[in-house]
1. Report the paramagnetic label zone for V95: residues of segment 32-66 whose backbone N is under 12 Å from a point 7 Å from Cα along the Cα-to-Cβ axis.
2. Can you return the lysines within cross-link range of K85? Criterion is Cα-Cα under 21 Å, with same-chain partners fewer than 8 residues away left out.
3. In segment 53-144, carbon and sulfur make up what percent of the accessible area (probe 1.4 Å)?
4. If I ignore ligands, DNA and RNA and count only protein heavy atoms, how much of W149 is accessible to a 1.4 Å probe, in Å² to the nearest 10?
5. If r is the Cβ-Cβ distance from S9 to T56 and R0 is 22 Å, what FRET efficiency results, to the nearest 0.05?
6. Any idea of the accessible area per residue across segment 62-198, 1.4 Å probe, to the nearest Å²?
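The values are calculated or read from the model by the stated rules, or taken from the named source; none is laboratory data. Here the structure is a predicted model, which means the values were calculated and not measured. Virtual Cβ from ideal backbone geometry, glycine too; neighbours counted across all protein chains shown. Ligands, DNA and RNA are excluded from the accessible area calculation, which covers all protein heavy atoms including side chains. Shrake-Rupley method; radii C 1.70, N 1.55, O 1.52, S 1.80 Å.
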Amino acid sequence: LMESAFKLSAELAGHQNDVRAVCALGVGAIATASRDRTVKLWKKMPPPQGWSVSATLEAHQHFVGALAEIPSSPAPRLVSGSSDKTAIVWEGERVLHKLQGHTDTVCAVGVSGIGSSTLVLTGSWDKTARVWLDGTCVSVLAGHEAAVWAILGLPNGDVLTGSADRTIRHWHDGKCATTFKGHEDCVRGLVAVPGIGF
């Protein structure tokens with residue numbers, strides 16, 4: 001067997017239930033979301049201390065299963081999605097916006113930047129995705145036949161969604177421009193690959 005180049009460097013213990021999402025933050029920190037209904041922010045301490053909880057964010061009423069950083073903001077911002085049917089935009093430890101409108105679990109979150117505005121993106125078991133600006137829903141992306149498990153904002157403001165209906169949809173100005181078919185199971189993740197596509 002070939003020896004792995006990777007090894008366990010730290011174990012972050014602090015949640016009271018299983019962790020459902022992890023997000024690296026640009027400020028050299030980590031955020032984790034759990035079925036204990038919390039988001040924890042972690043900072044690296046000097047050796048030998050390892051990682052320590054710097055904040056516990058509590059505002060969701062049920063499991064938290066999705067996280068994304070909102071980059072280029074004056075204070076660290078994060079969006080979390082929950083089975084309480086909401087997403088929350090956090091600024092540090094403060095709730096900046098509670099995004100309400102989905103009728104089922106919010107299982108995917110993302111961001112998309114357009115000029116000086118940052119849009120928050122949410123995907124849900126209710127088969128829709130939503131686009132939010134400053135806490136207000138500006139577009140509902142409807143058309144999938146099953147849960148929207150993945151969401152990705154593109155540099156031009158377009159949005160990609162991946163679904164349990166085994167399709168990926170490309171949205172432009174709130175309308176489905178293309179439906180990509182061919183997967184044999186749920187699409188649970190999307191990532192942009194510079195110079196290639198997604």
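1. Those under the cut-off are 58-62.
2. Output for K85: K40, K98, K127.
3. Here it works out to 48 percent.
4. Roll a 1.4 Å probe over it and W149 shows about 70 Å².
5. 0.45
6. Roughly 49 Å² per residue, with all protein chains present.
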